[in-house]
Structure formats: C-alpha cells, structure tokens
1. Charges at C-beta only: +1 for Lys and Arg, -1 for Asp and Glu. How large is the resulting dipole of region 9-117 about its Cα centre, in Debye rounded to 20?
2. Would you work out the charge dipole size for region 112-159 about its Cα centre, treating the Cβ of every Lys and Arg as +1 and the Cβ of every Asp and Glu as -1, and quote it to the nearest 20 debye?
3. To the nearest 500 deg cm²/dmol, what mean residue ellipticity at 222 nm is calculated for the chain from DSSP H runs of n ≥ 4 alone, each contributing -39,500 (n - 2.57), summed and divided by the residues?
4. Would you please name the trypsin sites (Lys or Arg not before Pro) within region 121-164 that are DSSP coil residues with at most 16 other C-beta atoms within 10 Å of their C-beta?
5. Give or take rounding to whole Å, what are the principal axis extents of the alpha carbon atoms in region 16-104, in descending order?
6. What is the diffusion coefficient of region 25-164 in µm²/s, taking the Kirkwood radius over Cα pairs and the Stokes-Einstein relation at 20 °C with a viscosity of 1.002 mPa s?
7. Using alpha carbons only, how many degrees (0 to 90, rounded to 10) separate the axis of helix 112-135 from the longest principal axis of the chain?
8. I'd like to compare 10-21, 49-60: which one has the highest average count of other Cβ atoms within 10 Å, and what's the full order after that?
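Here, each number is a calculation from the coordinates, and none is a lab measurement. Small disclaimer: the values here were computed from a predicted structure and weren't measured. Because the Cβ atoms are built from the backbone with ideal geometry, glycine has one as well, and the counts that use them run over all protein chains shown.
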Amino acid sequence: MDTLDAREKDEFLSSLETIKELEHSEFETYAIVQNRETGDHYLHYFLSHINLFEGGRRDDYDHFLPLDSDDVLGLMFGGQPYRFPDHWRRPYLRSGNDNRLIPFDPSENYGLDEDAAAELAMLQQLEQFKQQWMNAENQSPEEKEKLTQAYFAELDKILRKPAE
C-alpha cells in the first residue's frame, strides 16, 4: 500500500481510474478508484460545497481512504458501509482549497461522542440547578449552599472518567 504522504492533487488524480461508482449526486460522489501506477485502491469521496458567504462560490473537496482487497470486495459486492465521516476510521488523504492532498488521521476525534454526551449532561444539570435556585428564593443561605454543593457534586460525577 502506498504511504499516505502529502502529494500534488492533480498529479494523483491523473494516476487514478474509477473501478466502480458507488453513489452519485449533485454534491457528493463515492467511488472505488485504483492508482494505475501502484495498483493501490482507494475509496474516493468527492464533496462539492457551495459557500454562500463567498457569493455562492463552489468549493470542491476530495478524500481518499486506502482500501485493502477485502474492503474492495466488501464495497463492490457485500454492501459494506462507506459513508463519510462515520465509516472513515483510518488515516486518509484529503484536499483543501489548494492543489495538495494531505494525510489526516481521524482517530483524534474518536472520543468526541463521550465529550458531547458529558457536555449535554452538564447543560441539563445547569438547567436543573437554575430552576431549583429560582424555587429556593425564600430558603436559608445554608439550604442554598447545600443546593450548590449538590450541583457541583453532580458535575464531578459527569466529568469523572472511568479508570482505564
């Protein structure tokens, strides 16, 4: 397998041939492509984004996920899932607004689901605390202090990560 080094986009694109188009729409295309020089296969995801803040300028992005033989067969015949970004869990090449393809490792984003859940739980605790505080207008300062301590104890539980 070709190493995932930065490279010129146009040069790389010219070395590819499409083996099978998996999906095509006005703004997205998924295809299995093969590098004619190396024989390496990639899942090519093409995205066209209309940037409304830039006067409707169309920005095109290419992503190339390296595939092994099993992946190629699974995509062609077995219905293997391939949607970006959900099924792109390995390093791949991606383009920007210039003529380069840059390696990208998505593993740094794997824990974001847990972080998002914790953030939502913290927000819910804050809303609950605000309601309790508003209902505690006529309570003593000691009762309000207990309410505040309970709130921070709940936040600590949310933020505590299990030991690995």
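1. Dipole about the Cα centre, nearest 20: 180 debye.
2. It comes to approximately 220 debye.
3. It lands at -10500 deg cm²/dmol.
4. Within region 121-164, the qualifying trypsin sites (Lys or Arg not before Pro) (loop, at most 16 other Cβ atoms within 10 Å) are R160.
5. Taking max minus min along each principal axis of the Cα atoms, region 16-104 gives 43, 25, 23 Å.
6. Using the Kirkwood radius from Cα pairs, D works out to 109 µm²/s.
7. The helix 112-135 is inclined about 20 degrees to the chain.
8. So the peptides 10-21, 49-60, ranked by packing, come out 10-21, 49-60.
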